[in-house]
Amino acid sequence: MNAPEILIPTTTGGIFGGGIYAGRFGIGDKLYGLVVAPAAIGELVKTKWGGLKKVAGADSYNDGDANTQAMAAAGSVLGKWARGLLIEGFGDWYIPSRLESLILFGDLGKADVFARDWYWTSTQYDAEWAWSQLFDDGDQDSHHKDCQLRARAVRRFPIQ
């Protein structure tokens, strides 16, 4: 028995896969669709990236899932929160990478999906700093991991 075909949206901003469809991106030779969690369930307003140590495996520019897994394994409260989300039956949420955050800003930044504020990415800069995304003008910068910023979970799915 074949699984039913899933119709992937062709435009961003619609409800899809437990959240809001945010576009497509690639990691290596694989293409993925990106979904951002609803703010009421999948956003923290003030949270720390956590821990003032280098987290092995949380340096990827484009793979937020791998970064978040490394964060959670290292004891990060933010990483564990994202990995623990269950929204509409989907339990594969994570904190977006720098690249994924840029995609979110580019495709949804002006659509009132995000507050005009700084959000954590899962990409750390070094032992004490991690990258963040501003959903006002698209700027990215590093913030001290003890800063209180917003965080929003995303999930991805493979596109064949």
Students often get this wrong, so check it: of Lys30/Lys54; Lys48/Lys80; Lys30/Lys80; Lys30/Lys110, which have C-alpha atoms separated by over 21 Å?
Lys30/Lys54; Lys30/Lys80; Lys30/Lys110
For segment 118-160 and segment 25-54, what is the separation of their C-alpha centers, rounded to whole Å?
7 Å
With only Lys, Arg, Asp and Glu charged, each at its Cβ (+1 for the first two, -1 for the last two), find how big the charge dipole of segment 40-153 is about the Cα centre; round to the nearest 20 debye.
440 debye
List every DSSP H helix in the chain whose Cα atoms extend 30 Å or more along the helix's own long axis and whose mean Kyte-Doolittle hydropathy is at least 0.5.
none
List the residues, sorted by chain then number, that are 5 or more residues from Asp117 or on another chain and whose placed amide H is less than 5 Å from its amide H.
Phe135, Asp136
Subtracting the Cα-Cα distance from 0.36 nm times the residue separation, let me have the gained length for Ile15 to Glu128 in nm, one decimal.
37.1 nm
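Where a number appears in this text, it was derived from the coordinates with a stated rule and is not lab data. This is a predicted model, so every value here is computed, not measured. Positions of Cβ are generated from backbone atoms using ideal geometry, with glycine treated the same way; all protein chains shown enter the neighbour counts.
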